[in-house]
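One structure is given here, and the rest of the page talks about it.
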Amino acid sequence: MWFTKFQFMKKSFLTPGPSELYFTVEDHLKTALKENICEVSHRSKIFQQTFLHTVNELRTLLNLPQNFHVVFTASATEVWERIIENLSAKHTYHLVNGSFSSKFYEFAVQLQRQALKYQVPENQGFDLEKINPPAETELICLTHNETSTGVSMPIADIDAIRKKYPEALIALDMVSSAPYPELNWESIDTAFFSVQKCFGLPAGLGVWIFNEKCVAKAQALQQSGQSLGTYHSIPSLLSNAVKNETPETPNVLGIYLLGKVAEDMNRRGAAVIRQDTNYKAALLYSVLEKSNVFKPAVKEKKFRSQTVVVAEAAPENIKKILEEAEKQHIIIGTGYGKLKDTQIRIANFPTHSKEVIEKVANMIQNFS
């Protein structure tokens with residue numbers, strides 16, 4: 001029998017999700033296998049302890065108030081649908097400035113809501129004066145960090161929207177930013193993320209957070225005869241979560257790993273994670289602003305994402321830097337969709353070291 005041996009050089013994945021695994025995941029995987037985590041029943045005491053541990057670590061990391069519940073889904077994409085089904089009867093309002101915020105809106109249309117949107121060009125933020133949902137709006141859908149374009153919504157803007165529209169439920173997509181933003185949880189009612197981005201985990205797990213106001217809304221809709229979906233409705237998820245369980249057989253390994261990585265992040269400290277993220281983002285934006293080849297795709301500094309840094313350039317230079325990065329065993333994300341050939345997206349997640357970000361910064365600088 002013949003075997004061909006390949007030698008693989010470890011690569012650094014600066015793609016905006018899936019991305020590089022958090023540096024402790026390998027050890028946690030080994031422990032999970034030793035402890036038979038992949039084989040335990042989701043109705044067992046071991047799983048209940050795992051569920052509770054993960055929820056508690058997330059509460060600490062996100063500074064989450066006790067009146068918010070944490071449940072698990074298959075993905076963040078699923079949560080778009082669940083939020084619309086469970087938290088609106090007719091009227092939703094969406095802020096759209098990229099592909100993912102647009103898909104959130106499109107889900108509402110497909111679910112036959114009377115969905116309205118305030119849309120601005122990609123790579124731009126929103127003018128608060130032009131946000132004008134009708135009085136009957138039940139649900140306002142925001143995206144903190146638009147992964148496709150690297151536009152981030154300032155926390156102060158989220159607070160201002162809450163102050164202006166206190167009656168509507170506010171949903172926040174924080175898929176490619178959690179746990180970076182220091183949110184004022186009084187300004188939102190529900191938020192969600194997936195684990196393959198800033199948490200540096202394998203894809204296949206979504207986290208949905210909602211408060212008691214959302215629970216009351218879902219219960220009222222259910223009592224009125226509206227369908228909330230089936231096993232992943234708020235009442236179903238919550239009735240299981242109070243027992244530290246899930247309605248279905250979940251991604252047990254994913255929940256276990258999320259708890260362990262959240263624990264590692266708590267040990268490091270959310271403030272330190274934010275400080276490191278800001279340093280790395282500032283370094284990248286600095287070289288982009290000085291470059292005569294690449295430029296930040298988001299022009300207004302207050303709207304620039306700290307976790308997904310997007311640069312634009314001529315297609316030939318985009319191709320060259322992607323090739324040069326790969327030679328140095330670094331995989332950088334391409335632009336999203338129609339922007340694939342004219343942009344790069346550089347993930348700046350907690351797992352990405354200062355050294356690798358400095359290496360990318362030097363690469364950009366050398367192109368000048």
Contact order normalised by length for the chain, with contacts defined as Cα pairs under 8 Å and 6 or more residues apart; what percent is it? 24 percent
Cα-based Rg / Dmax (Å) for region 25-267: 17.7, 56
Rounded Å value of the spacing that divides the Cα centres of region 230-250 and region 111-162: 29 Å
For region 14-33 and region 191-206, what is the separation of their C-alpha centers, rounded to whole Å? 11 Å
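Could you work out [θ]222 nm for the chain from helices alone, using -39500 (n - 2.57) per DSSP H run of at least four and dividing by all its residues? Round to the nearest 500 deg cm²/dmol.
Numbers: 11 runs with 147 residues, N = 368.
Computed ellipticity for the chain at 222 nm equals -12500 deg cm²/dmol.
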Residue-wise, which Karplus ³J(HN,Hα) couplings in Hz belong to region 288-302, taking 6.51 cos²θ - 1.76 cosθ + 1.60, θ = phi - 60°, and x for glycine or proline? 5, 5, 8, 6, 9, 10, 10, 9, x, 5, 8, 7, 7, 4, 5
Loop by DSSP (not H, G, I, E, B), at most 11 other beta-carbon atoms within 10 Å: where is the longest site-free stretch of the chain for chymotrypsin sites (Phe, Trp or Tyr not before Pro)? 9-230
Check which residues have an amide H placed less than 5 Å from H94's amide H, if you skip close sequence neighbours. L116, K117, Y118, C141
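Just the number, please: percent antiparallel of the DSSP beta bridges in the chain, rounded to the nearest 5. It would help to have the intermediate numbers written out before the result.
On the way: 23 of 43 bridges.
That works out to approximately 55 percent antiparallel.
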I'd like the Karplus ³J(HN,Hα) series for region 317-325: coefficients 6.51, -1.76, 1.60, θ = phi - 60°, whole numbers in Hz, and an x wherever there's a Gly or Pro. 7, 4, 4, 5, 6, 5, 5, 5, 4
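So for each of 134-142, 319-327 I average, over its residues, the number of other beta carbons within 10 Å; can you give me the resulting order with the highest mean first? Walk me through the intermediate numbers first.
On the way: 134-142: 18.3, 319-327: 14.3.
Highest mean packing first, the order is 134-142, 319-327.
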What is the order of H91, H232, H329, fewest Cβ neighbours within 10 Å to most? H329, H91, H232
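Any read-out appearing in this document is the output of simple, stated calculations on the displayed coordinates, not a laboratory observation. Remember, it's a predicted structure, so these values are computed and weren't measured experimentally. Note that we place each Cβ from the backbone using ideal geometry, even for glycine, and neighbour counts take in every protein chain shown.
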